[in-house]
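Q: There's a structure below that I have some questions on.
The values are calculated or read from the model by the stated rules, or taken from the named source; none is laboratory data. This is a predicted model, so every value here is computed, not measured. All Cβ positions, even for glycine, are placed from backbone atoms using ideal geometry, and neighbour counts span all protein chains on display. Heavy atoms of the whole protein, side chains included, go into the accessibility calculation; ligands, DNA and RNA do not. Shrake-Rupley method; radii C 1.70, N 1.55, O 1.52, S 1.80 Å.
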Amino acid sequence: MAQSPPRPRTEQFQEPESFLTLEQFIIDQQETFPHSTGAFSRLLRDLSVAAKIISRNIRRAGILDVLGETGVVNVQDEKQKKLDDIAHQELVRALRRGGECCLIGSEEQSDTISMNPSREDRERYAVFFDPLDGSSNIDVNASVGTIFSVYLLPDEWDPDDVIDVSLQRGAEQVAAGYVAYGSSTMLVFTTGNGVNGFTLDPSIGEFLLSHPNLRIPNEGTMYSVNEADVDDFAPELQAFLRWIKRKDPETKRRIRARYIGSFVSDFHRNLLSGGIYVYPVSTEYPDGKLRLMYEANPMAFLVEQAGGRATDGHQRILDLEPTSLHQRTPLYIGSTRLVEAAERFLQGEQART
Ligand code: P6P
């Protein structure tokens, strides 16, 4: 039988003009943004500009002299990668140039950074970020990410405050998101009205709405934890991990283990496919490893907006009262059914199958 002619390329792939750009989306959604004076929209635009520049640097890392370490040990007592510092600088530069942000908290800087103090007359935003999460993956071409969290600063905020009043509970965030530098570069964020994903089309330099109204499946298909540390885990958590690996009585299949070494990448896959990410307390990290202000809180806001759940094993992440910029927390985050099962085990109950 004669082969039908191949479908023209335009039918195989939707052309960029058939997608909504990030800028068009922000304009359409602006009336739903907090204090929609345009300042918040411009702040989101500033973050997307930094994301494009960081993505470009990552995509050319092997060619540019940006692999390897800076020789600096950062405030986390971790060897800083060159791209950690580059990503940090690009975010600071974009937010300072944009003029909407008055305070920055970065994983790469021990103290917060005040900027644009002359904005007394309009909303003042604080942005907390992990500029490059999972950067140990960079030198081996594995995926990494950027995580950001946005707050409206309280009126009483004063850059010279001895006690930093900018540390608010995660429930007070006005926006949160991440950039996943994977097989494609995706920006996923929420402003409290659901979660939307945008894919960068490098051919036009635009983030295009590719994943509208993301919802995390209630049932998980994967679990992410570094089981090298399992002997350090609490017996209740060990019992949960044995439970999660049981064979399903009907399908005879087990949930799959996936652990990339980059929270953003594991979170993004679990958001789309369903699953749980766990970083508990351990001997090396008695308070957990993930940082509350710029890793756990933003992802907790996102996962709840997508119908999931995030706790420290006992308390909702978004309700935790922050006491310091770099404080850590245990983290159980993902599909509601799996996070609730983990909580039941940690509280000494047996999980209901
Ligand atoms: P470990 C990266 O440093 C990070 O904060 C997360 O992105 C990642 O999931 C985790 O640490 C990996 O830590 O101890 O398993 O190597």
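Q: Which shape class, rounded, prolate or oblate, goes with the range 74-211 when its Cα gyration tensor gives a ≥ b ≥ c as root eigenvalues, a/c under 1.5 marks rounded, and past that a/b bigger than b/c marks prolate? Don't skip to the end; give the middle numbers.
A: Details: a/c = 1.98, a/b = 1.35, b/c = 1.47.
The shape class here is oblate.
Q: When the Kirkwood hydrodynamic radius is evaluated over all pairs of different C-alpha atoms of the range 222-346, what value in angstrom, to one decimal, is obtained?
A: Details: mean 1/r = 0.0687 Å⁻¹.
About 14.5 Å for the range 222-346.
Q: Still on this model: Order of 44-57, 232-245, 296-309 by packing, highest average Cβ count within 10 Å first?
A: Details: 44-57: 20.6, 232-245: 16.4, 296-309: 25.4.
Most protected by this proxy first, the peptides run 296-309, 44-57, 232-245.
Q: May I pose another question? Which whole-number percentage describes the relative contact order of the chain, with Cα contacts under 8 Å and a sequence gap of 6 or more?
A: Details: 698 pairs, mean separation 52.5, N = 353.
Relative contact order here is 15 percent.
Q: So for the chain, if I pair up every lysine 8 or more residues apart or on another chain, how many of those pairs have alpha-carbons under 26 Å apart? Each step should come with its number before you reach the end.
A: Numbers: K52/K79; K52/K81; K52/K82; K79/K289; K81/K289; K82/K289; K245/K289.
So the count of such lysine pairs works out to 7.
Q: Quick query: amide H of K289 versus all other amide H atoms, modeled in the peptide plane; which residues come in under 5 Å with a sequence gap of 5 or more or a different chain?
A: Under 5 Å from the amide H of K289: T329.
Q: Return the single residue from H88, H211, H268 with maximal mean-square fluctuation; model: Gaussian network over the chain, springs between Cα atoms under 10 Å.
A: Of H88, H211, H268, the Gaussian network model singles out H211 as fluctuating most.
Q: Enumerate the amide H contacts of L20 below 5 Å, restricted to partners 5 or more residues apart or on another chain; note that Pro and chain-start residues carry no placed amide H.
A: L209
Q: Place a +1 charge on the Cβ of each Lys and Arg in the chain and a -1 charge on the Cβ of each Asp and Glu, then give the dipole magnitude about the Cα centre in debye, rounded to the nearest 20. Working shown, then result.
A: Numbers: 37 positive and 52 negative charges, 356 e Å.
Here the chain has a charge dipole of around 1720 debye.
Q: Now, a different point. Ignoring ligands, DNA and RNA, what accessible area per residue does the chain give at 1.4 Å, in Å²?
A: Numbers: 16230 Å² over 353 residues.
Normalised by residue count, the accessible surface of the chain is 46 Å².
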